[in-house]
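Report on the structure given below.
The values are calculated or read from the model by the stated rules, or taken from the named source; none is laboratory data. No experiment lies behind these values; they were computed from the predicted model shown. Neighbour counts run over all protein chains shown; Cβ positions are idealised from the backbone, glycine included. Remember, those area values only see protein heavy atoms, side chains included, never the ligands or the DNA or RNA. Shrake-Rupley method; radii C 1.70, N 1.55, O 1.52, S 1.80 Å.
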Amino acid sequence: MLAFNHVDFTYPGETEKILDGLSFQVQDGEFISILGASGGGKSTLFRLLNGLETIQGGSIEIDGKNIQGLKHYCSYMPQKDLLFPWRTVEQNVMLPMEVAGVDKAKRKKDCGHMLRRVELEEYAKKYPRDLSGGMRQRVSFARTLCAGSNLLLLDEPFSALDSITRINLQEWLLRQWVKFNRTVLFITHDVEEAIFLSQKIYVITEKPIRSVEQIEVPLPYPRTRDMLLQPEIMRLKEELIHALRQKVEA
Amino acid sequence: MKKKLYGLGFGAFLILLWQLLAVKINASYILPSPLQVWQALQKNFGVIMTKHFPITMEVVLIGSGIALVLGISLAILMDLDERIEKAVYPILTVSQTIPVLCIAPIFVLWFGYTTTTRVIVVVLLTFFSITVNVFDGFKATKQEMTELMATYGATPMQQFMKLRLPTALPYFFTALKISIPWAVVGSAIAEWLGAPGGLGNYSRKMMMDLNAAGLIAPLLVISAVALLINMLIRLIERLVVTWRAEV
Ligand SMILES: Nc1ncnc2c1ncn2[C@@H]1O[C@H](COP(=O)(O)OP(=O)(O)O)[C@@H](O)[C@H]1O
Ligand SMILES: [Mg+2]
């Protein structure tokens, strides 16, 4: 279980608070979307979680332990694929294990396994430049899984893709989530994406962020796109858009 | 290929023009014809290649070797510690405004007409661009990639070996392509200061004899060598840096 407890955060040297006493929790195995307008502080949440920035007040805990004493507790996938162009697909996927000092035989084995699971094994020896944007994101996802933790932080991973590729990858991600049984925190500013993917949506409507509004998505898995057309879901979509709009106008 | 054809065609045209002009002027001590240069090269090829070429190339090899080690080390040090960068970089830049060939005589005072003197000249001529290019290469590392590595728990050494070094590699090849041909030219020019031989030295001797064709002949060898080295570097670059088009 992940918990933010009364977290305060301001970027060093800035005056504008980003988080102000924010608390929320995420249970193991959940798929949660964090929905909010651009510039609202969503990525900042991840930067705090993966240790790139340090909070000034409160605590972030995983299974009751402060993250400051923990290592390899989350795997972060950035918005851009950030594949290293001088490495093959396979070498890119192995990078986190290499850094962690996993021995070569195990690296090779786990990577092969992972590439098969994400349906990319025939691209193992290719370079990122040989891949389409969608495939690159899948490689990036495989690399994230290879970082080995149970908590996946995905920061708008599909926002730079064309809409068809994006829809394909959303469905693909859900299949992966079922297979891998890991906790997913998924940042997006796209209402439909949040509804389609997640069990719960944490909506950010204020700045600084004092709380998140938690909304359950009343849909079972496996999901299909036509579920988005149910009246109840359409209403939810309108509500969310309304909530996000208010923030922009304020 | 087509582009090359244009270049070759224009080159041939220039040589033809030169030939015509030389025939018209008809004074080989002022403007020798390409044919006369070629004949001078053929006639002296033996002595040029066995005596003078090795003298020039020895300095090129030692000089660029030192420049590479020095330049790369300095670039790494500046990348490692910002204080070193702040201390060294401005001095490096200012030092470039000093014309190396004008202060070269002072090395003659210190070391005489020796290989050492000429090696110093070559090092001074080349190491700056190596340092700056490699350093820029390190700096071209994407912040986001550094952060991603950090989330994997990368140590500073891992950041350097797995990210900064590969990022800098294309820049390193740029440095090589600029500096090595320049080292060949520098080595030959340094021989003007006084040397037991060498292509530049030989060329200058021919000038004393008013033998213009003989003067140009060794220069052809210098150009050919510089060109050849440049091509070799490009070849290696293509094999090693397969991803350049990407960034
Ligand atoms: N490294 C940083 N230093 C200072 N301010 C930052 C930094 N990164 C982001 N910010 C600011 O923090 C706010 C939230 O940014 P971010 O978390 O990236 O929002 P989102 O991901 O929701 O678009 C923005 O106003 C942004 O300008
Ligand atoms: Mg963001």
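For this structure, a couple of remarks:
- Distance in nm between pseudo-label sites at residue A:105 and residue B:210 (7 Å out along the Cβ direction from Cα): 8.2
- Heavy atoms of residue A:84 accessible to a 1.4 Å probe, total area in Å² rounded to 10: 0
- Per-residue extension of 0.36 nm, minus the Cα-Cα distance of residue B:140 and residue B:28, leaves a gain of 35.1 nm for this segment.
- Relative frequency of Cα-Cα separations exceeding 35 Å in chain A, percent: 15
- Using the Cβ-Cβ distance between residue B:35 and residue B:238 with R0 = 41 Å, the FRET efficiency computed as 1/(1 + (r/R0)^6) comes to roughly 0.65.
- Order of exposure, largest accessible area first, which applies to A:227, B:231, B:78 with probe 1.4 Å: B:231, A:227, B:78
- Three semi-axes of the equivalent ellipsoid, chain B, Cα gyration tensor, whole Å, largest first: 41, 24, 14
- FRET efficiency estimate (nearest 0.05) - Cβ-Cβ, residue B:231 to residue B:114, R0 45 angstrom: 0.90
- The mean sequence distance of close C-alpha pairs (under 8 Å, at least 6 residues apart), as a share of the length of chain A, puts its relative contact order at 27 percent.
- Counting, for every residue in A:93-100, the Cβ atoms of other protein chains within 10 Å of its Cβ and taking the mean gives 4.
- Debye, to nearest 20: dipole size of the protein assembly as shown, +1 on Lys, Arg Cβ, -1 on Asp, Glu Cβ: 2140
- Solvent accessible area, Å² - residue A:242, 1.4 Å probe, full protein context: 110
- In the assembled protein chains, residue B:80 presents an accessible area of approximately 130 Å² (probe radius 1.4 Å).
- Chain pair B, A: total accessible area buried, heavy atoms, 1.4 Å probe, Å²: 2000
- For residue B:51, a cut-off of 13 angstrom between C-alpha atoms picks up no aspartates and glutamates at all, skipping any fewer than 8 places away in its own chain.
- Averaged over the residues of peptide A:74-86, the number of Cβ atoms from other protein chains lying within 10 Å of each residue's Cβ is 5.
- Measuring max minus min along each principal axis, the C-alpha atoms of the range A:195-238 give extents of 36, 19, 12 Å (largest first).
- Which listed pairs, of A:104/B:142; B:3/B:142; A:179/B:142; A:65/A:104; A:80/A:126, have C-alpha distances above 29 Å, in listed order: B:3/B:142; A:179/B:142; A:65/A:104
- Calculated [222 nm] ellipticity per residue, helices only, for the protein assembly as shown: -19000 deg cm²/dmol; basis is -39500 (n - 2.57) per DSSP H run with n ≥ 4, divided by all residues, nearest 500.
- When the residues A:104, A:80, B:43 are ordered by accessible surface, computed with a 1.4 Å probe over the protein chains alone, the sequence from largest down reads B:43, A:104, A:80.
- Seen from residue A:75, the other residues with C-beta closer than 11 Å to its C-beta sum to a net charge of +2, counting Lys and Arg as +1 and Asp and Glu as -1.
- Once you reduce the range B:70-109 and the range B:142-160 to the center of their Cα atoms, the two points are 29 Å from each other.
- For chain B, the relative contact order comes to 26 percent (Cα pairs under 8 Å, sequence separation of at least 6).
- Angle between chain A longest axis and helix A:231-249 axis [Cα atoms, degrees, rounded to 10]: 70
- For chain B, the longest principal axis of the Cα atoms and the long axis of helix B:199-208 meet at an angle of about 30 degrees.
- Neighbours of residue B:215, meaning other residues whose beta-carbon lies under 14 angstrom from its beta-carbon, give a summed charge of +1 when Lys and Arg score +1 and Asp and Glu score -1.
- What the range B:1-150 shows is 60 Å² of accessible area per residue, with the surface traced by a 1.4 Å probe over protein heavy atoms.
- Percent of alpha-carbon pairs separated by more than 14 Å within the range A:84-148: 48
- Normalised by residue number, the volume inside the convex hull of the Cα atoms of the protein assembly as shown is 219 Å³ per residue.
- Pair residue A:242, residue B:223: separation of 7 Å Cα→Cβ label points (nm): 8.0
- Accessible area of the range A:1-59 divided out per residue, in Å², using a probe of 1.4 angstrom: 39
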